[in-house]
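The values are calculated or read from the model by the stated rules, or taken from the named source; none is laboratory data. Keep in mind the model is a prediction, meaning the values are calculated, not measured. Virtual Cβ from ideal backbone geometry, glycine too; neighbours counted across all protein chains shown. Only protein heavy atoms, including side chains, enter the accessible area calculation; ligands, DNA and RNA are left aside. Shrake-Rupley method; radii C 1.70, N 1.55, O 1.52, S 1.80 Å.
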2 protein chains.
Amino acid sequence: MSIRVGIYGYGNLGKGVELAIQQNPDLSAVGVFTRRAPETVKTLTGIPVFSADSVESMQDKIDVMIICGGSATDLPKQTPYLAQYFNVVDSFDNHANIPAHLNAVDEVCQKSGTVAMISAGWDPGMFSLARLYSSAVLPNGQDYTFWGKGVSQGHSDAIRRIEGVLDAKQYTLPVQSALDAVRRGETPTLSTDQKHERECFVVVKEGADKARIEQEIKTMPNYFAPYKTTVHFISQEELNEKHAGLPHGGVVVRSGVTGKDGEHKHLIEYSLKLDSNAEFTASVLVACARAVYRLKNEGGIGAKTLFDIPPAYLLAKPREELIKTML
Amino acid sequence: MSIRVGIYGYGNLGKGVELAIQQNPDLSAVGVFTRRAPETVKTLTGIPVFSADSVESMQDKIDVMIICGGSATDLPKQTPYLAQYFNVVDSFDNHANIPAHLNAVDEVCQKSGTVAMISAGWDPGMFSLARLYSSAVLPNGQDYTFWGKGVSQGHSDAIRRIEGVLDAKQYTLPVQSALDAVRRGETPTLSTDQKHERECFVVVKEGADKARIEQEIKTMPNYFAPYKTTVHFISQEELNEKHAGLPHGGVVVRSGVTGKDGEHKHLIEYSLKLDSNAEFTASVLVACARAVYRLKNEGGIGAKTLFDIPPAYLLAKPREELIKTML
């Protein structure tokens, strides 16, 4: 008997979940729930498509629902709603609002007797675990999170909204000198814009004022203004050819000291290089669905995070085998 | 009320534990237990020294005992013995024998109602967690563990036993070309000796036959024979000056694919650069002592590993604060 997983939402993340389930023989995909007309949606692997409106009737057919909506407006509504009926997993990534989201979902879970895992993915998610474990073992230290090189879709969208821009792709990159300093065991105080720079590849309309567009990008508040930003104007062909993917990644570094007088330095580094941001995030969500199922079977209730889950719960193999082969 | 920790054994690891406890205000060091005459042992921070023979009488004064013996002969006896009386943590690192050790300790814990965490440290330990988490999220992939650059004390000792050798230090290093291939996302099949090389700094007696010594090192079965080994003859002064420390480290890489046809590559890398192998290991043991204490307070019983512990249990901060600041 495999764990029956539903996929709520079918954008890049939902598609990634569909594919990731195929890599996990103990899980099976029941189908996709969409707000679009189901007959207009074709799944990558041929799994069924249901209307989001019908989700409540599927309560007995799904063990865990993976919710693949966006954090800005979808998940704050969808996760509490679906946690009434299902054990759920989401990738809520608005860091500042995680505690409120956790509480809202937990309240529903406590009433409904369901288990939820929120904020799974890579940041929050695997990067959070890297921060937590390294803080636990090097309490006298400091950690640094660098994102990139990777595509930020929000920033790419922001450029596309500028008058005269046809298409754009924005990469976030770590500032190499800052990363090098941290890796040397220095513990500088660095703001987000001191750790990152932005590189933009922009396609403009014929005759557009490139100087004005570059200026508008570089001075855009919050998005670009505090960052070192480089703008390249390229053709649509070049953009399609060289910048089609959605790679991402980054690194979490903790630098700490031990010894009688802090004389011994230690560096812990966790890094990701991902060809597909959405598919990697989806892979984390799928492993979390397994953990949620186990927690529920043990009588667990409530909203959890990766901080609350024994690592062994994320894998299909028995504990004895994990200890024998991985410890 | 702090968590009262005892230190059983007072070599490099025990000293590291003593110092690490000072970095964790929620823990206090009750004292050191030694098989030597207690009056001959002076602790780094002035904590009391007790005879190992008196340990049973301290049952009510210690919440968790951190056992700092060696894996070859000490821990297989000490951990089951002490688990009769105490919640315990050890760093048992003989990978092949971990399942047997776990079972032996668990049996005692079940009878005595104690909690044990075995095989904590960095490998087994933090590296094991890196292997487990990355396997969970990239099931279609392969992982590689490289050790070094670091000092292997067993190998250094083996060189010192050769006729004509006065002193020696052996470094284990990753084979750079193998590490590079793995980082490029290739998935070569690599034996331990294809992943590592050995560099030896050797001080010999005046007039000793260096050619014979170099030959004896390079052909020593298991220790050196299958590895690319480099031998440098240096003076005792140079050894003392440049090779006094016991650094170590390494990297765990998992390379995996996602997508419809495995078209997207992902690389997860976890690396450690440690000035002091023993002090870093000790820091992990101390964080685990906190987790053991919590498990025991929740009614837990039995032998555990880092795979079984919710990550949040390793830190002193409340779950809410961890979620707010680290997730």
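For (1) open to solvent by 70 Å² or more (accessible area, probe 1.4 Å); (2) within 14 Å of chain A (Cβ to nearest Cβ); (3) assigned to a loop (DSSP other than H, G, I, E, B), each residue gets a yes or a no:
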residue	(1), (2), (3)
B:ALA208	no, no, yes
B:ILE213	no, no, no
B:GLU237	yes, no, no
B:VAL257	no, yes, no
B:LYS260	yes, yes, yes
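Within region A:287-327, being in contact with a helix residue (DSSP H, G or I) (Cβ under 8 Å, 6 or more places away or on another chain), open to solvent by less than 10 Å² (accessible area, probe 1.4 Å) and over 24 Å from B:PHE127 (Cβ atoms) holds for A:GLY302, A:ALA303.
State whether the residues of region B:76-95 include one that is in contact with a strand residue (DSSP E or B) (Cβ under 7 Å, 6 or more places away or on another chain), in contact (Cβ under 8 Å) with a residue 40 or more places away in the chain, surrounded by fewer than 21 Cβ atoms within 10 Å (Cβ to Cβ) and more than 30 Å from A:PHE127 (Cα to Cα). Checked region B:76-95: no residue is in contact with a strand residue (DSSP E or B) (Cβ under 7 Å, 6 or more places away or on another chain), in contact (Cβ under 8 Å) with a residue 40 or more places away in the chain, surrounded by fewer than 21 Cβ atoms within 10 Å (Cβ to Cβ) and more than 30 Å from A:PHE127 (Cα to Cα). Search region B:285-327 for residues being touching a Ser or Thr at 6+ places or on another chain (Cβ under 8 Å) and under 13 Å from A:LEU138 (Cα atoms), and hand back the single one that is nearest to the other protein chains (Cβ to nearest Cβ). Looking at the filtered set, the residue picked out is B:LEU315. In region A:239-255, the qualifying residues are those that are away from chain B (no Cβ under 11 Å) and part of a loop (DSSP other than H, G, I, E, B), and the one that is least open to solvent (accessible area, probe 1.4 Å) is A:HIS243. Evaluated against (1) assigned to a loop (DSSP other than H, G, I, E, B); (2) open to solvent by less than 40 Å² (accessible area, probe 1.4 Å); (3) within 14 Å of chain B (Cβ to nearest Cβ); (4) not small (Gly, Ala, Ser), A:TYR10 falls short on exactly one condition, (3). Scanning region B:215-235 for residues that are β-branched (Val, Ile, Thr) and surrounded by 13 or more Cβ atoms within 10 Å (Cβ to Cβ) returns B:ILE217, B:THR229, B:THR230, B:VAL231, B:ILE234. Taking residues in region B:217-244 that are closer than 23 Å to B:ASN277 by Cβ and touching a residue at least 60 places away in the same chain (Cβ under 8 Å), and partners anywhere that are hydrophobic (A, V, I, L, M, F, W, C) and surrounded by 13 or more Cβ atoms within 10 Å (Cβ to Cβ), the pairs with Cβ atoms closer than 7 Å and at least 6 places apart or on different chains are B:MET220/B:ALA158; B:TYR223/B:ALA158; B:PHE224/B:ILE217; B:GLN236/B:LEU166; B:GLN236/B:VAL203; B:LEU239/B:PHE201; B:LEU239/B:VAL203; B:HIS243/B:PHE201. Restricting B:ILE323, B:ILE309, B:ILE234, B:ILE268 to residues that are under 30 Å from B:GLU107 (Cα atoms) and modelled with pLDDT of 95 or more narrows the list to B:ILE309. Counting only residues that are within 11 Å of chain B (Cβ to nearest Cβ), out of contact with any Ser or Thr (no Cβ under 7 Å at 6 or more places or on another chain) and not hydrophobic (A, V, I, L, M, F, W, C), region A:13-37 holds 4 of them.
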